[in-house]
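Note sheet for the following structure.
All of the numbers you see were taken from the coordinates with simple rules; none came from a lab. Keep in mind that this is a model prediction, so the values were computed, not measured. Because the Cβ atoms are built from the backbone with ideal geometry, glycine has one as well, and the counts that use them run over all protein chains shown.
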2 protein chains.
Amino acid sequence: MSDSGWLDTLQWDEAGLLPAIAQDAETGDVLMVAWMNRDALAATAERGEAVYWSRSRGRFWHKGEESGNTQTVREIRIDCDADVILLKVDQRGGIACHTGRRSCFFRRLHDGHWETVDAVVRDPGEIYRD
Amino acid sequence: MSDSGWLDTLQWDEAGLLPAIAQDAETGDVLMVAWMNRDALAATAERGEAVYWSRSRGRFWHKGEESGNTQTVREIRIDCDADVILLKVDQRGGIACHTGRRSCFFRRLHDGHWETVDAVVRDPGEIYRD
């Protein structure tokens, strides 16, 4: 990257991270939220596919690297405080969630409990084969 | 709240907070991201309007308390890890952002810089009159 000044605009937290929302560019569905550091966002912009920072694994996470369900990035936005990233993506395979669902937000509050309202599209055992 | 077990499902962070995304229930636009603690989420569910926890002010923030631009909550969702909240809302006044724009995500990455792509709907000076 010859000029990375745009990365300095972001208000990275103490750990150098920010939440990134992936939104389906077609349907508008919010698919998932993960974390990015500076290098993950730079890589996302450069390759045009979502690359996150996995806090649990402590490494870069090219979304879909295992499942094949990559996210082609159509647009990268930031909010007014420059501390949240919004990606508009085409979700390959139509599955963003490790549970095999389209979106990670498949539970809805109903009468004081969490109700699962979205179906599993594909069995996770078929998606992750190692 | 007679039964608040649903609040225990959430994986509150060390500060007792979680990010909450407000999404326009009609258009699907992501409007803003703010923070909630347990009591803010309980209040949101109870009154049917978004109540956040303001980290900068250290107090509850009933969205729209100054501007009148409240958010009527149609649906509350959580993600697979139960550490992000998603609200589907009707945005009163059509303005979620303190800059007077519909959404806080009005900047888009274009050719290595952040480009403002959404117009100001109403002058913030008219919205906040104190």
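Remarks
- Here is the figure for the range A:98-118: residues that are assigned to a loop (DSSP other than H, G, I, E, B), closer than 22 Å to B:R74 by Cβ and facing another protein chain (nearest Cβ under 9 Å) total 7.
- Among the conditions (1) within 11 Å of another protein chain (Cβ to nearest Cβ); (2) part of a strand (DSSP E or B); (3) in contact (Cβ under 8 Å) with a residue 60 or more places away in the chain, B:D81 misses just one, which is (2).
- Qualifying residue in the range A:22-31 (condition: under 18 Å from A:I95 (Cβ atoms), within 11 Å of the chain's Cα centre (by Cα) and more than 10 Å from chain B (Cβ to nearest Cβ)): yes
- Scope the range A:20-46; condition in a strand (DSSP E or B) and farther than 30 Å from B:E26 by Cβ; matching residues: A:N37
- Top-ranked residue in the range A:58-78 [being more than 12 Å from the chain's Cα centre (by Cα) and either within 14 Å of chain B (Cβ to nearest Cβ) or surrounded by 19 or more Cβ atoms within 10 Å (Cβ to Cβ) (or both); ranked as farthest from A:D8 (Cα to Cα)]: A:S67
- Residue satisfying all of: in the range B:84-97; β-branched (V, I, T) and closer than 30 Å to A:C97 by Cα; farthest from the other protein chains (Cβ to nearest Cβ) among these: B:V89
- B:R92 vs. criteria charged (D, E, K, R), in contact (Cβ under 8 Å) with a residue 24 or more places away in the chain and surrounded by 15 or more Cβ atoms within 10 Å (Cβ to Cβ): yes
- Residue within the range A:106-119 that is in contact (Cβ under 8 Å) with a residue 24 or more places away in the chain and hydrophobic (A, V, I, L, M, F, W, C) present: no
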